[in-house]
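Heads up: the structure comes next, in structure tokens.
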Amino acid sequence: MSTSSSNRGISRRGFLKGAGVTAAGAAIGESAVVAFAEESAPKGPKIVGPKPLSVSLKVNGAEKSAAIEPRTTLAEALRVNLDMTGTKIVCDRGACSACTVWIDGTPVNSCMTLAIDAQGKDIRTIEGLAMGDTLHPVQEQFIEHDAMQCGFCTPGMIMSCAALLEHNKNPSLDDVKTATSGNLCRCGTYPKVFDATLAAAKMMKA
Amino acid sequence: MNNFEWADAKSIDEAQSLMTDASAYKAGGVDLLDLMKEHIAAPKRIVNIRNLQGFDQIKEDGGVLHLGPLLTLAQIADDKTIRSKWSAIADAAANAATPQIRNMATLGGNLLQRPRCWYFRNELFPCRKKGGEICYAQQGENQYHAIFNNQLCAIVHPSALACALVAHGAKLELSGAKNQKREVLLEEFLTLPSVDLHRENSIQSGELITDIRVPTPRADAKSIYIKQGEKESFDWPIAEIAMVLTMDGETCKSASIVLGAAAPVPHRATEAEQAITGKKVDEQSAGAAAKAALATATPLALNGYKLALFENLLTRTLLQAKGNA
Ligand SMILES: Cc1cc2nc3c(=O)[nH]c(=O)nc-3n(C[C@H](O)[C@H](O)[C@H](O)COP(=O)(O)OP(=O)(O)OC[C@H]3O[C@@H](n4cnc5c(N)ncnc54)[C@H](O)[C@@H]3O)c2cc1C
Ligand code: FES
Ligand code: FES
């Protein structure tokens with residue numbers, strides 16, 4: 001699997017600057033990085049849990065840590081432990097994609113990922129898509145095209161559409177449909193989602 | 001979800017040494033977490049095999065395609081080698097689940113996932129598969145259940161990859177303790193409820209799938225997979241078909257035909273294979289083969305529609321194979 005830290009050509013440093021709002025999280029994270037480095041050194045198989053343990057997660061470029069049980073999903077860790085409620089939980093079974101985040105640049109269901117299993121990986125959530133005050137083109141076009149109604153599916157939908165544009169600069173309508181085929185929107189906003197994503201693709205090329 | 005111990009295995013030996021009867025291996029974790037959230041599985045320890053190195057290979061060697069068990073469905077769907085001669089396998093992966101799940105789900109986990117029968121997945125129904133007395137699907141909501149071999153327990157085998165791999169005559173390499181390896185035909189590894197009501201295969205405790213081996217089909221073979229869901233965007237299949245056909249002009253020389261979402265195992269349509277082999281493939285012979293395939297079906301109250309569906313899909317797929325010849 002590729003580790004694509006160079007997504008969208010943003011340097012890690014530049015990205016951290018852009019994500020300045022999470023500076024407090026980053027500061028807590030620094031001691032956690034050290035703890036994690038020590039933890040990953042043991043010789044024999046290491047068994048942890050079921051008690052809570054310190055888990056370090058790199059979220060939107062910032063190192064964060066939380067004391068959680070191994071059964072905690074990434075979606076729960078983000079929302080409950082790290083106070084990042086942009087990622088939504090709807091079905092909690094991998095069937096609706098509302099909880100979509102990127103791990104090492106790849107969209108996955110955070111409700112079916114254990115937080116402990118996401119250590120050492122590059123996690124990107126909806127909170128980390130904008131560059132400071134500058135929205136991601138997909139976010140901007142979602143607003144422009146009014147591509148949401150209740151908005152509950154929207155963070156996951158945007159993470160799917162933005163991931164598509166990372167890998168495909170000239171998506172067809174069918175490509176957008178495939179990329180969002182797992183994202184259920186019960187308000188039925190799909191046509192506007194498709195338009196917004198195609199417009200964002202144009203914008204990113206310009 | 002119950003709480004558990006967690007261990008991240010760095011090698012096969014380590015994974016197996018961490019394994020106990022109350023433990024479970026985790027690859028992508030998609031099926032395991034689902035079963036745990038529904039209280040159908042409650043392992044005391046999870047042994048993570050996702051980070052084992054060297055088990056995501058795609059390599060053709062001496063007439064055999066080797067697929068690593070940790071390949072994701074997305075990797076299988078996107079691979080040019082697989083698509084070149086084993087397109088049924090690539091298409092099965094490309095059409096399974098959602099893009100997100102395909103990024104997480106592994107080949108090994110896909111083959112070993114438990115059935116999706118809603119009585120099995122619901123802890124309130126102590127069904128036969130879970131050690132109870134009753135198969136609730138027999139009298140219940142059985143529109144998505146099996147039309148073959150459905151008397152004891154009417155699950156359909158959930159794995160799209162199994163459907164395509166059985167059509168291709170794939171074998172599994174299984175590694176047990178002390179590096180003991182065995183090779184078994186996938187078709188024989190997957191078992192009917194009459195063999196073991198409580199499991200869908202013959203994996204031994206602690207064993208790992210370490211390689212999936214698919215024979216290279218003849219250069220002129222057609223490898224096809226089609227899936228029918230109830231809706232166009234992602235869905236479980238209500239019918240799926242994988243076939244590998246070799247043709248001599250318009251005449252079928254050999255056929256391997258498998259129906260998915262039809263039986264508790266990927267269902268080998270031997271009657272159809274016999275009916276079409278040696279025949280010129282046209283609407284009449286394809287239709288007759290499809291009829292033969294369904295002749296032994298034993299539909300339940302609500303899944304009779306699957307007979308017409310499979311018959312049409314099978315006819316169409318045979319004609320499509322000929323069209324590509
Ligand atoms: C919304 C949704 C839709 C879906 N639609 C489809 C579909 O259309 N078609 C389809 O085929 N599937 C579908 N699936 C199922 C999905 O593909 C499987 O759950 C997934 O492939 C399981 O793989 P995994 O790696 O996550 O398995 P895990 O959950 O990690 O493992 C499953 C089981 O296999 C065992 N295991 C895994 N790897 C090995 C190994 N190498 N050796 C020994 N044991 C091993 C584990 O111990 C566990 O018991 C769908 C799932 C969801 C959530
Ligand atoms: S909440 Fe994760 S897929 Fe629905
Ligand atoms: S906008 Fe309401 S669910 Fe999509």
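Observations on the model:
- Cα-centre dipole for the protein assembly as shown with unit charges at Cβ (Lys and Arg positive, Asp and Glu negative), debye to 20: 200
- Of B:TRP236, B:TRP6, B:TRP86, the sequence from fewest to most neighbouring Cβ atoms within 10 angstrom is B:TRP236, B:TRP6, B:TRP86.
- Cα-based Lys proximity count in the stretch B:227-325, under 13 Å, for pairs eight or more positions apart or on separate chains: 7
- A straight line joining the Cα centroids of the stretch A:182-206 and the stretch B:263-325 runs 40 Å.
- Contact order normalised by residue count of chain B, Cα under 8 Å, 6+ apart, percent: 16
- Residues whose amide H comes within less than 5 Å of that of B:ARG268, counting only those at least five positions distant or on another chain, are B:LEU259 (H built at 1.01 Å from N in the peptide plane).
- Antiparallel content of DSSP bridges confined to the protein assembly as shown, in %, to 5: 85
- Dipole check for chain B: with +1 at the C-beta of Lys and Arg, -1 at the C-beta of Asp and Glu, and the Cα centre as origin, the magnitude is about 60 Debye.
- Remark: mean inter-chain Cβ contacts per residue of A:159-165 equal 1, using a 10 Å Cβ-Cβ cutoff to other protein chain atoms.
- A straight chain from B:THR296 to B:TRP236 at 0.36 nm per residue would run longer than the Cα-Cα distance by 19.2 nm.
- Judged by the gyration tensor of its Cα atoms, with axes a ≥ b ≥ c, the stretch A:53-205 is prolate; a/c meets the 1.5 cut and a/b is the larger of a/b and b/c.
- Ordering B:LEU318, B:LEU309 from the fewest to the most neighbouring beta carbons within 10 Å gives B:LEU309, B:LEU318.
- Within a Gaussian network of chain B (alpha carbon springs, distance under 10 Å), most fluctuating of B:ASN201, B:ASN122, B:ASN110: B:ASN122
- FRET E, pair A:ASN168, B:ASN2, Förster distance 41 Å, beta-carbon r, rounded to 0.05: 0.50
- Under the simplified labelling scheme, the B:THR216-B:ALA41 pair shows an inter-label distance of 3.6 nm, with each label point 7 Å from Cα along Cα→Cβ.
- Kyte-Doolittle at least 1.0, axis length at least 20 Å by Cα - qualifying DSSP helices, chain B: none
- Summarising the label geometry, the points placed 7 Å from Cα in the beta-carbon direction at B:LYS280 and B:VAL195 lie 4.1 nm from one another.
- Prolate/oblate/rounded label for the stretch B:13-153 (Cα gyration tensor, a/c 1.5): oblate
- Take the Cα of B:VAL184, step 7 Å toward its Cβ, do the same at B:ASN122, and the gap between the two points is 3.2 nm.
- Fewest-first ranking of A:ILE158, A:ILE47, A:ILE116, using other Cβ atoms within 10 Å as the exposure measure: A:ILE47, A:ILE116, A:ILE158
- The stretch A:53-205, dipole about Cα centre (Lys/Arg Cβ +1, Asp/Glu Cβ -1), debye to the nearest 20: 220
- Amide proton proximity set for B:CYS127, modelled H, under 5 Å, gap of 5+: B:GLY132
- Options B:SER11, A:ALA75, B:VAL244, ranked by Cα towards positive dipole end of the protein assembly as shown, top entry (Cβ charges): B:SER11
- DSSP-assigned coil residues among GluC sites (Glu not before Pro) in the stretch B:205-289, each with at most 12 further Cβ atoms within 10 Å: B:GLU230, B:GLU232, B:GLU250
- Global form of the stretch B:182-325, assessed from the alpha-carbon gyration tensor, a/c cut-off 1.5: oblate
- Dividing the helix sum by the residues of the protein assembly as shown, where each DSSP H run of 4 or more adds -39500 (n - 2.57), gives a mean residue ellipticity at 222 nm of -9000 deg cm²/dmol.
- Listed by chain and number, the lysines whose alpha-carbon sits under 30 Å from that of A:LYS51, ignoring those within fewer than 8 places in the same chain, are A:LYS43, A:LYS64, A:LYS88, A:LYS121, B:LYS10, B:LYS26, B:LYS37, B:LYS44, B:LYS130.
Computed from the coordinates by the stated procedures, all read-outs in this text should not be read as laboratory data. Every value quoted in this text rests on a predicted model; they were computed, and no experiment measured them. Because the Cβ atoms are built from the backbone with ideal geometry, glycine has one as well, and the counts that use them run over all protein chains shown.
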